[in-house]
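Participant: Here it is, the structure in full.
The numbers here are math on the coordinates, done by the rules we state, and not lab data. What you see is a predicted model, and the numbers here were worked out from it, not measured in a lab. All Cβ positions, even for glycine, are placed from backbone atoms using ideal geometry, and neighbour counts span all protein chains on display.
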């Protein structure tokens with residue numbers, strides 16, 4: 001007899017994360033500082049620094065503050081293999097969880113395959129982004145129901 005305790009939908013209402021903000025800022029600052037200590041010519045350093053800045057400006061609103069229209073601010077996992085991702089811009093995306101999902105007590109990275117698209121979507125979750133009980137339920141449910149490797153179809157080259 002199977003249990004229906006995990007068959008109820010799990011809704012994740014994500015909040016912005018101060019911890020992720022610090023980690024992202026420190027990583028980008030480290031990259032910028034490391035550029036300053038290289039002996040590369042200026043014509044290489046300037047585009048490198050611009051690239052680091054563009055990366056920070058792209059990552060912060062999508063994953064940290066969740067203010068970008070493409071930022072996923074809500075995730076719904078009904079009983080089954082389909083997940084529903086809701087973006088700040090009002091879009092609902094339906095995807096399947098990929099085996100590359102990373103699960104640790106201090107970090108969860110959900111990787112999704114969207115149908116009819118080669119695009120993958122990631123959702124980064126730190127403990128300060130969810131209530132402790134919801135974070136625990138997510139980790140337990142993922143541990144009991146890990147994503148399975150998909151079989152490739154004839155229309156998928158790799």
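Participant: Which one is right for this structure if semi-axes √(5λ) of the Cα gyration tensor in Å is calculated from it: [x] 40, 12, 11; [y] 33, 20, 15; [z] 31, 25, 15?
Facilitator: [y]
Participant: For region 98-134 and region 41-82, what is the separation of their Cα centres, given in Å?
Facilitator: So the separation of the two Cα centres works out to 14 Å.
Participant: Round to the nearest 0.05 the FRET efficiency obtained for residue 92 and residue 133 when R0 = 30 Å and r is the Cβ-Cβ distance.
Facilitator: The computed FRET efficiency comes out at 0.75.
Participant: Right, next: How much length would be gained if the chain were fully extended between residue 11 and residue 27, taking 0.36 nm per residue of separation minus their Cα-Cα distance, in nm to one decimal?
Facilitator: Answer, rounded to one decimal: 2.7 nm.
Participant: Moving to a separate point now. Helix-only mean residue ellipticity at 222 nm, the chain, DSSP H runs n ≥ 4 weighted -39,500 (n - 2.57), per residue, nearest 500. What is it?
Facilitator: My calculation for the chain gives -10500 deg cm²/dmol from helical runs alone.
Participant: Also: Assuming R0 = 30 Å, can you tell me the calculated FRET efficiency for the pair residue 106 and residue 54, based on Cβ-Cβ distance, to the nearest 0.05?
Facilitator: Taking R0 as 30 Å, the efficiency between residue 106 and residue 54 is 0.60.
Participant: Continuing with this model, one more query. Under the rule a/c < 1.5 gives rounded, and otherwise a/b versus b/c splits prolate from oblate, where does region 18-64 land using the Cα gyration tensor?
Facilitator: Here region 18-64 falls in the oblate category.
Participant: Looking only at 55, 39, 65, which one moves most when the chain is put into a Gaussian network model with springs between Cα atoms under 10 Å?
Facilitator: Among 55, 39, 65, the largest mean-square fluctuation in the Gaussian network model of the chain belongs to 39.
Participant: Please determine, in degrees from 0 to 90 and to the nearest 10, the orientation of helix 132-144 with respect to the longest principal axis defined by the Cα atoms of the chain, where the helix direction is its Cα long axis.
Facilitator: That helix lies at roughly 70 degrees to the long axis.
Participant: In degrees between 0 and 90, to the nearest 10, how far off the longest principal axis of the chain does helix 42-59 point, with axes built from Cα atoms?
Facilitator: Here the helix axis deviates by roughly 30 degrees.
Participant: How far, in nm, would the chain grow between residue 118 and residue 74 when pulled straight, counting 0.36 nm per residue and subtracting the alpha carbon separation?
Facilitator: 13.6 nm
Participant: How high is the FRET efficiency from residue 140 to residue 45, r the C-beta distance, R0 41 Å, rounded to 0.05?
Facilitator: 0.30
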